[in-house]
Amino acid sequence: MVRAWWPFWNDDPVTALDTKLQDVYDEVLGRNPGEQEFHQAVREVLESLGPVVSKHPEYVDAAVIHRICEPERQIIFRVPWTDDRGNVQLNRGFRVEFNSALGPYKGGLRFHPSVYLGIVKFLGFEQIFKNSLTGMPIGGGKGGSDFDPKGRSDAEVMRFCQSFMTELHRHIGEYTDVPAGDIGVGGREIGYLFGQYKRITNRYESGVLTGKGLSWGGSLVRTEATGYGTVFFVDEILKTSGQSFDGKAVVVSGSGNVAIYAVEKVHQLGGTVVACSDSAGYIVDEDGIDLELLKDVKEVRRARISEYADARPGARYVAGGSVWDVPCDIALPCATQNEIDEAEAVALIKGGAKVVAEGANMPCTPAAVRAFADAGVVFAPGKAANAGGVATSALEMQQNASRDAWSFEHTEERLAEIMRGIHDRCLTTADEYDVPGNYVAGANIAGFIKVADAMIALGVI
Ligand code: NDP
Ligand code: 2IT
């Protein structure tokens, strides 16, 4: 169960910022009132950039940091649609095209009732640095709607997606902006969105969306990529101390796309996932999650995680509560932002966790990240650890551009290689800036520098 978000850092000041960075942060607060998640994401990056601006004053002189915090374009639109009873429903749609210095805007669409501009901006901001870290030619963007797909029929989801795309189509394109999935948006939604794009534009433009089905331009491994990639990243962390997943107990939060394929890869690498969750509660299965049953409950039946425990002898369901109370060696938060605050971090540390890697975007609050650092828990931020999803989206774009389709083995090997590359880039950069082993600083600095250099090269635009 994920708790309501709490504006913790206002009362709990963290690392002081360099004065020039504080000016940027103050401006971000002033320009974007009430968008707490966006403030949090910006602050987290700025806290890593102190040594960068000392070494490279040109980033401040050219106002690169100021510019990187301001989206290039923000689109907000009305999404009316008709439900199965004939009632007209209304939602709000968003697309924030944050930064295109490295390539077309790239990032997912989230359909969840909590979505508002501040969430889309935090996700779009994170996406800039994540996409940069992948080494692929993709800028950063994000979108979504406050539409709640839960309990809606396929026909309702289709009508919503068609209405959403009726506006979105004029803003996206293979060379402009390439959306994909995120919370509440999977293969079904991408299908309806792609169908409507094709119908309106009369173009079979495969490269306009990623996460497509295999028979209509999708890539093998894209469904698995985020979860697999997170586990590959942890495998690299474990290798640095001569360890592996073998015999390790793992707790995963969520039971959606990222969580399910994280479970699958942990099991393939010899670990045991003993618990996972949804927004209503969590299940504990000491024998290891039965993946086929989990997929049946969540992917086929779209049911609640409690039904897993109903069908599995030996498993138990806990309504509400915190999945982080379950002892483990490795924790993979794969549900949503701010799901681990200080109290959950302390519970994890007490339960024996030695590595925490973010499969979700910003699931750990700053207080949680500090608690992990103080306890010597290795912490891998989402920008690095969950970049496998968007990296494989870029591989899907490559296949679309060359009208090719790669094998599962080849694509998975490319993903593993990309994750190794991100891992090594984080550590090399952390060494270079005298913060050895700090994956947060390594990811933020390496992600930032590539975008900042491109922005300087492209002029004041
Ligand atoms: P899904 O919609 O497939 O699954 C989301 C899971 O998280 C569900 O189990 C859901 O439970 C739970 N969850 C979502 N929102 C909340 C909430 N507010 N409170 C409690 N539980 C919640 O999404 P994904 O697996 O695709 O995404 C999970 C995370 O991974 C997100 O942070 C996303 O941004 C991130 N991510 C996703 C990528 C992708 O390729 N899909 C790539 C990189 C990061 P319930 O069903 O009960 O709502
Ligand atoms: O947060 C993310 O990286 C995603 N939701 C995937 C984005 C993508 O374009 O594949």
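Read-outs throughout are calculated quantities, based only on the coordinates presented, and are distinct from any laboratory measurement. These numbers were taken from a predicted model, which means no experiment stands behind them. Every residue, glycine among them, receives a Cβ derived from its backbone with ideal geometry; neighbour counts consider all protein chains shown.
List of remarks:
- Every pair of different Cα atoms in the chain enters the Kirkwood calculation, which places the hydrodynamic radius at 22.1 Å.
- Model label sites at residue 319 and residue 453, defined 7 Å from Cα along the beta-carbon direction, differ in position by 5.6 nm.
- Trypsin sites (Lys or Arg not before Pro) restricted to DSSP loop in the stretch 332-424 with at most 10 other C-beta within 10 Å: 403
- In the stretch 205-295, Rg over Rh equals 1.05, where Rg is the alpha-carbon radius of gyration and Rh the Kirkwood radius from pairwise Cα distances.
- Kirkwood Rh in Å, taken over the stretch 267-314 so that all alpha-carbon pairs contribute: 11.0 Å
- For residue 295, the aspartates and glutamates whose Cα falls under 20 Å of its own Cα, not counting residues fewer than eight places away in the same chain, are 154, 182, 189, 224, 264, 278, 285, 286, 287, 307, 310.
- From helices alone, the chain scores -14000 deg cm²/dmol at 222 nm; the rule is -39500 (n - 2.57) for each run of n ≥ 4 DSSP H residues, then divide by the residue total.
- Straight Cα distances below 19 angstrom link residue 248 to the lysines 239, 265, 350, 354, with same-chain residues fewer than 8 positions distant left out.
- On full extension, the segment bounded by residue 434 and residue 243 gains 66.3 nm, given 0.36 nm per residue less the C-alpha separation.
- Taking only Cα atoms of the stretch 300-430, radius of gyration then Dmax in Å: 18.0, 51
- Cα lying deepest toward the dipole's positive end in the chain, options 80, 418, 178, charges on Cβ: 80
- Sites residue 461 and residue 268 - FRET efficiency at Förster radius 45 Å, r taken between beta-carbons, to 0.05: 0.50
- Kirkwood-based Rg to Rh ratio, the stretch 139-201, C-alpha trace: 0.94
- Cα Rg over Rh - the stretch 134-289, Kirkwood: 1.04
- Here the stretch 367-424 is treated as a Stokes sphere of Kirkwood radius computed over C-alpha pairs; at 20 °C and 1.002 mPa s its diffusion coefficient rounds to 162 µm²/s.
- Each 10 Å bin from zero up to the one holding the largest Cα-Cα distance in the stretch 16-120 carries the following percent of pairs: 12, 37, 29, 13, 6, 3, 0.
- Residues of type lysines that residue 106 reaches as a straight line, Cα spacing below 17 Å, ignoring anything fewer than 8 places off in the same chain: 121, 130, 142, 212, 383, 450
- Relative protection proxy for 199-207, 328-336, 436-444, from highest mean packing down: 328-336, 436-444, 199-207 (other beta-carbon atoms within 10 angstrom).
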